[in-house]
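Before any comments, here is the structure.
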There are 2 protein chains.
Amino acid sequence: MLYAQVHLTLPAWVHERIDAAATYPGDEDKVALAIELARINVEAASGGPFGAAVFDPQHRIVSVGVNRVVPQNASLAHAENMAFLLAQQRLQAFRINDRYDGPVTLATSAQPCCQCYGATVWAGVDRLLIGARAEDVMELTEFDEGPLPADWIGELEKRGIEVVRDIRREQARAVLRAYGEHGGQRY
Amino acid sequence: MLYAQVHLTLPAWVHERIDAAATYPGDEDKVALAIELARINVEAASGGPFGAAVFDPQHRIVSVGVNRVVPQNASLAHAENMAFLLAQQRLQAFRINDRYDGPVTLATSAQPCCQCYGATVWAGVDRLLIGARAEDVMELTEFDEGPLPADWIGELEKRGIEVVRDIRREQARAVLRAYGEHGGQRY
């Protein structure tokens, strides 16, 4: 018997804790939401210490994501990937920015690992906003970021994706630190 | 309203066309199955010209995958990723090889793109068998493989993943060529 269906979900708390109707005008606002998602995910024990969100050109939420690797037994279920999958399903488009005239933004609490880096290339986003750096993740938690192209930022920019780093980095580091200090299980 | 669930499926034909009980002892047998999945996927118009399968240490199928990007509006739904998701869900393990004593193998009809490359790092496989090369994909179809680390094979081998290329390469190229010649829609 072949398995032919897979079902991935966000934790139920997203409906109570996230204001889906709000707008997030600045880059700091967008990354703050991603960090808040990461923080609540740890507090609720619903996955690893990572959050992400996709925003439309009017700075509204298209989708959010949190790490769900362990609860859902899915190594693909990183925060960025969950946000991409949910945005594309909502819009019924395999490139998110096919549905908009202006730029689509992914904000993430920490630098995408090798898997989410590759996914970002195909997902249809125009801007990538990052909180913590890869070295913060490796310093404060047991996670590895995996192998990236040497000029990973340049490769994204070549494909029309602007990258902005170190947005609310200290706040993003604080979530990773709190997770690491509580001996967070490997997600 | 936030979207919080995503559902991905293989085409129904996998149940009729793939013998889930067979064993695939050699590397050539394993890649032949991946190529056959790619071929049927094109014939059935159920996704792009790519197939993959995960095998347990006894050379039995754990899962299969085909490209489902366009039919499911999901840029993550490449063949390798579908096979990883389905294997992990079946085994209820976020690393496939956590469930086995011997080596777990992913066979793929063509070299993983940047997204599936990163996913391969975390999925829990010990061997990666590849049919067509990236340059075959780019020569024969309109697909881009995306940015990889310069020594992408060495980075996998450092992480305990053996890579074998050019297995049934001509047969794999033939599927890509047939797809390209029929002006295959971009998947």
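Summed over both chains, the area buried between B and A is near 5000 Å², taken from the accessible surface of protein heavy atoms with a 1.4 Å probe.
Any idea what the dipole of segment B:1-59 comes to, in debye rounded to 20, about its Cα centre with Lys/Arg Cβ at +1 and Asp/Glu Cβ at -1? Kindly include the intermediate steps, with their values, before the conclusion.
Details: 3 positive and 8 negative charges, 51 e Å.
That gives a dipole near 240 debye.
Distances between equivalent label points of A:Pro25 across the copies, with each point positioned 7 Å along Cα→Cβ, amount to 7.0 nm, shortest listed first. Just give the residues from segment B:53-101 buried by at least 50 square angstrom of accessible area in the all-chains context relative to the isolated chain, probe 1.4 Å, and say none if nothing qualifies. The answer is B:Asn73, B:Ser75, B:Leu76, B:Leu85, B:Leu86, B:Gln89, B:Arg90, B:Phe94. Between A:Glu142 and A:Glu157, the simple label model (points 7 Å from Cα in the Cβ direction) yields a spacing of 3.7 nm.
Within a straight-line Cα-Cα reach of under 12 Å, A:Lys30 can be paired with the following aspartates and glutamates, leaving aside sequence neighbours fewer than 8 residues apart in one chain: A:Asp56.
With the Kirkwood sum run over all distinct C-alpha pairs, segment B:45-176 has a hydrodynamic radius of 14.7 Å. For segment B:50-89, the calculated P(r) over all alpha carbon pairs, in 10 Å bins from 0 to the bin holding the longest distance, is 35, 50, 13, 2 percent.
Using a 1.4 Å probe, what is the accessible area per residue for segment A:109-187, in Å²?
Numbers: 3090 Å² over 79 residues.
Heavy-atom SASA per residue in segment A:109-187 reads 39 Å².
Every Cα-Cα pair in segment B:14-107 was counted, and those over 20 Å apart are 32% of them. For segment A:1-48, a Kirkwood hydrodynamic radius built from all Cα pairs, placed in the Stokes-Einstein relation at 10 °C and 1.306 mPa s, yields a translational diffusion coefficient of 124 µm²/s. Cα extents for segment A:96-165 along the principal axes, largest to smallest and rounded to whole angstrom: 39, 21, 17.
Excluding B:Gly146 itself, calculate the net charge of residues whose Cβ lies under 10 Å from the Cβ of B:Gly146, where each Lys or Arg counts +1 and each Asp or Glu counts -1. Walk me through the numbers on the way to the answer.
Values: positive: A:Arg159; negative: A:Glu155, B:Asp144, B:Glu145.
For residues surrounding B:Gly146, the net value is -2.
Rounded to a whole number, what % of the accessible area of chain B do carbon and sulfur atoms account for, probe 1.4 Å?
Values: 3150 of 6840 Å².
That fraction is 46 percent.
Positive end of the dipole of the protein assembly as shown, charges at C-beta (+1 Lys, Arg; -1 Asp, Glu), about the Cα centre: which of B:Gln92, B:Ala110, A:Ile96 has its Cα farthest in that direction? So the residue we want is B:Gln92.
What dipole magnitude, in Debye to the nearest 20, does segment B:86-157 give about its Cα centre under +1 on Lys/Arg Cβ and -1 on Asp/Glu Cβ?
Working: 5 positive and 12 negative charges, 103 e Å.
In debye, rounded to 20, segment B:86-157 gives about 500.
With kT/(6 pi eta Rh) evaluated at 25 °C and eta = 0.890 mPa s, and Rh the Kirkwood radius from Cα pairs, the protein assembly as shown diffuses with a coefficient of 120 µm²/s according to Stokes-Einstein.
The values are calculated or read from the model by the stated rules, or taken from the named source; none is laboratory data. Everything numeric here is computed off the predicted structure, so don't read it as measured data. Cβ: placed from backbone, ideal geometry, glycine included. Neighbour counts: every protein chain shown. The accessibility values were calculated without ligands, DNA or RNA, using every heavy atom of the protein model including side chains. Shrake-Rupley method; radii C 1.70, N 1.55, O 1.52, S 1.80 Å.
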